[in-house]
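Below is one structure; the comments refer to it alone.
The values are calculated or read from the model by the stated rules, or taken from the named source; none is laboratory data. Computed from a predicted structure; not experimentally measured. Glycine gets a Cβ as well: all are built from the backbone with ideal geometry, and neighbour counts include every protein chain shown. The protein model used for the area step is the full one, side chains on, heavy atoms only, and it has no ligands, DNA or RNA in it. Shrake-Rupley method; radii C 1.70, N 1.55, O 1.52, S 1.80 Å.
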Amino acid sequence: MSRQDHIVHGFKATLVARAVYMLSSALLMFLLARYLLEPDGYGALYWAIGILAIVQLFADLGLGKSAARYISEYREADPGQVPHLIRTTIAFKLVVISIVVTLLFVFHERIAILLRDPEVAPFLAAGVLYVVVFSFSTFTQIAFQGFNHLGYSATIKAISGAGRLVFAVAFVLLGLGAIGAFFGYIVGYAIAAAVGMTILYLEFYREYEPATEYEAGLSRRLLEYSVPLTATRSANVIDKRIDVVLVGFFLSPVAVAFYTLGKQITDFVLAPAESLGFTISPNFGEQKAAGQLDQARDIYETSLEQTMLFYIPAAVGLAIVADPFVTMVFGPDYSGAVPVLQILCGFIVLMAITNLTSDGLDYLGRARSRAIAKGVASTANFGLNLVLIPTIGVVGAAAATVVTHSFYVAVNLYIVHSELSLRLERLARRIGLICVITGVMAVAVLLVTPLISSPVMLVAVIGVGALTWAVLAVASGLVDPQEVRSVVT
């Protein structure tokens with residue numbers, strides 16, 4: 001199988017499995033927001049998850065990503081070291097997780113008081129289980145990426161999504177409320193972690209004959225490379241979670257519900273870009289080791305063009321129909337999420353580029369550079385949130401996210417260009433043409449948006465935008481129907 005076919009196959013497998021995850025997540029979001037929880041309960045649930053995400057980074061550090069990087073390298077160069085890498089990583093994780101969850105259990109009530117909400121204490125106590133199962137569920141996904149078996153990674157993610165949906169809804173229906181939904185998350189991640197660790201042992205750990213000796217200094221390098229990855233992960237958490245925590249701290253659980261809903265919608269839209277980035281990333285490390293940077297550049301440029309061809313029009317269209325979409329799907333109680341979502345549409349484009357780029361930089365050995373950029377952007381994001389949330393409310397958190405992530409994306413692209421020598425003029429022409437197509441599509445959608453009076457009309461308006469985009473994309477040569485047909489089949 002050629003490298004291109006391997007990427008397409010991996011992308012298909014990843015996209016299908018992640019579609020299960022995202023659809024289950026979307027259905028869970030819809031059921032909880034529309035029928036099962038009030039906005040304050042919905043906000044309390046995701047505020048607690050945001051707080052635990054910060055705890056999670058201390059439990060995970062950058063060990064999983066570091067292990068994936070060295071697994072990717074050694075499974076070709078020295079396969080006998082792979083079992084040693086897996087054992088060392090798991091041992092390190094068990095030590096770190098044990099320390100973190102012990103401290104969380106001992107101090108959970110004090111943390112709740114510090115956050116000025118004693119009602120979050122039960123979530124933090126149960127968070128001991130959440131941190132453990134989420135950590136190992138995530139670790140297996142990343143490890144499978146290092147082995148370049150992306151179907152397994154996506155399958156574990158799909159299992160966690162389906163499990164969360166089934167058990168969260170079941171526990172809420174049993175009358176357990178938001179805490180019941182939280183335990184549904186725990187059960188879903190526990191099942192995914194159990195399946196993932198079983199596959200890792202049976203399909204990968206036992207496949208390699210351990211080397212007689214563990215390579216001197218490899219465990220040290222594993223830890224050292226985890227340091228910049230930990231910094232990057234910490235910055236990611238600040239970008240993705242600290243804003244939720246600050247909204248809850250300064251405002252209210254209802255405001256958290258509005259902000260979280262906007263973020264969750266953007267996450268759903270971003271699933272294809274995340275899948276593509278996850279698929280192509282290991283190839284960059286392999287091609288750099290083989291001295292085939294031209295091929296890596298071609299893959300990245302093509303992926304970036306196709307990603308922007310989809311996400312620029314999608315973000316603009318979503319911003320236009322955000323009001324009827326939110327109020328019709330989730331109810332008028334969530335109308336406060338509309339301006340948040342409209343601002344975050346800019347974040348959709350930025351995050352699509354990030355999803356395509358960030359993992360690849362780690363495999364190219366530029367984790368430290370990315371970590372520095374992410375640290376600066378996240379620090380600025382934290383500072384802007386402190387200023388804007390008390391000043392202009394929940395939309396301030398969304399604005400801070402867009403502004404600071406713009407800087408981070410610019411630096412990422414600069415680093416990629418320094419590694420792969422991107423053909424900037426060609427990329428600029430193609431993306432400029434995409435923007436022109438988007439402008440025409442936006443006019444078409446704006447003209448028919450006043451007609452939206454029901455969910456059926458909303459779907460029809462979205463269809464008008466999609467049809468306009470498709471016709472223009474094919475007519476301009478940005479999309480070749482034959483290539484699309486070959487990829488699908």
Exercise for review: Considering only the range 453-469, state which residues are farther than 14 Å from Ala315 by Cα and either modelled with pLDDT of 90 or more or touching a His at 6+ places or on another chain (Cβ under 6 Å) (or both).
Suggested key: Val456, Met457, Leu458, Val459, Ala460, Val461, Gly463, Val464, Leu467, Thr468
Revision key, fill the gap. Subset of the range 222-235, residues in contact (Cβ under 8 Å) with a residue 24 or more places away in the chain and open to solvent by 60 Å² or more (accessible area, probe 1.4 Å), comes to Leu223, Val227, Arg233
Review point. Does the range 69-89 contain at least one residue that is among the small types (Gly, Ala, Ser), under 21 Å from Gly196 (Cα atoms) and modelled with pLDDT under 90?
Key: yes
Point to revise | Filtered residues of the range 303-348 (kept if modelled with pLDDT of 95 or more and in contact with a Phe, Trp or Tyr (Cβ under 7 Å, 6 or more places away or on another chain)) | key: Val340
Review point. If you scan the range 399-436, which residues turn out to be within 24 Å of Asp294 (Cα to Cα), part of a helix (DSSP H, G or I) and of a type in the set (A, V, I, L, M, F, W, C)?
Key: Val409, Ala410, Val411, Leu413, Ile415, Val416, Leu420, Leu424, Leu427, Ala428, Ile431
Point to revise | Subset tally (residues that are open to solvent by 10 Å² or more (accessible area, probe 1.4 Å), assigned to a helix (DSSP H, G or I) and over 14 Å from Phe268 (Cβ atoms)) for the range 22-46 | key: 9
Revision key, fill the gap. Flagged in the range 245-263 as more than 18 Å from Ala400 (Cβ to Cβ), part of a helix (DSSP H, G or I) and open to solvent by 20 Å² or more (accessible area, probe 1.4 Å), in numbering order, are Pro253, Val254
Review point. In this structure, is Leu124 open to solvent by less than 30 Å² (accessible area, probe 1.4 Å) and at pLDDT below 90?
Key: no
Study note, to complete from the structure: Within the range 156-176, residues under 15 Å from Ile49 (Cβ atoms) and open to solvent by less than 10 Å² (accessible area, probe 1.4 Å) come out as Ser160, Gly161, Ala168
Point to revise | Residue count, the range 448-469 (criterion: closer than 20 Å to Gly331 by Cα, open to solvent by less than 70 Å² (accessible area, probe 1.4 Å) and among the β-branched types (Val, Ile, Thr)) | key: 3
Check your understanding: Inside the range 185-221, can you point out the residues that are open to solvent by less than 50 Å² (accessible area, probe 1.4 Å) and of a type outside the set (A, V, I, L, M, F, W, C)?
Key -> Tyr185, Gly188, Tyr189, Gly196, Tyr208, Gly217, Ser219
Review point. In the range 353-398, what residues are part of a helix (DSSP H, G or I), of a type in the set (Gly, Ala, Ser), open to solvent by 20 Å² or more (accessible area, probe 1.4 Å) and in contact (Cβ under 8 Å) with a residue 40 or more places away in the chain?
Key: Ser369, Gly375
